Amino acid sequence: MPGHGNVETLVTMQPIAIDTGSDDRDGMLVMANGMLVAVLVKLATPEHEQEGDWFVEVALGPLRVHLAPTFGSLDDATRWMRHHLRG
């Protein structure tokens, strides 16, 4: 999903509950230019070293080949995804 010239990839997120089998249930569907490219989940249990951060539960398309870090904010996640969706 490469960008065209100076046009930035439109990344949007939609909240969704996710059945992870744990208390990590707050999720976001991530779309880039209208296509689903990732599912994020917020780490909610104290066992996670990065409790409160966002984790890429599922990566699709061009994002699946990258090892994603956890993100302290959704803005950080959006920046990372835009960078890796550029090509």
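The values are calculated or read from the model by the stated rules, or taken from the named source; none is laboratory data. Since we're looking at a predicted model, the values are computed, not measured. Quick reminder, even Gly has a Cβ in these numbers, built from the backbone with ideal geometry, and neighbours come from all protein chains shown.
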### Task
Return the pairs, sorted by first residue and then second, in which the second residue is surrounded by fewer than 13 Cβ atoms within 10 Å (Cβ to Cβ) and of a type in the set (Ser, Thr, Tyr), the first residue lies in segment 9-35 and is farther than 24 Å from His83 by Cβ and touching a residue at least 12 places away in the same chain (Cβ under 8 Å), the beta carbons are less than 7 Å apart, and the residues are 6+ apart or on different chains.
Ser22/Thr45; Asp23/Thr45; Asp24/Thr45
### Message
If I filter segment 48-78 down to residues being at pLDDT 95 or above and surrounded by fewer than 13 Cβ atoms within 10 Å (Cβ to Cβ), which single residue comes out as farthest from Gly34 (Cα to Cα)?
### Response
Gly72
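Can you tell me which residue is surrounded by the fewest Cβ atoms within 10 Å (Cβ to Cβ) among those in segment 5-17 that are at pLDDT 95 or above and of a type in the set (A, V, I, L, M)?
By that ranking, first place goes to Ala17.
Just the residues that are in contact with a strand residue (DSSP E or B) (Cβ under 8 Å, 6 or more places away or on another chain), more than 24 Å from Arg86 (Cβ to Cβ) and not basic (Lys, Arg), please, taken from segment 36-47.
Val41, Leu43, Ala44
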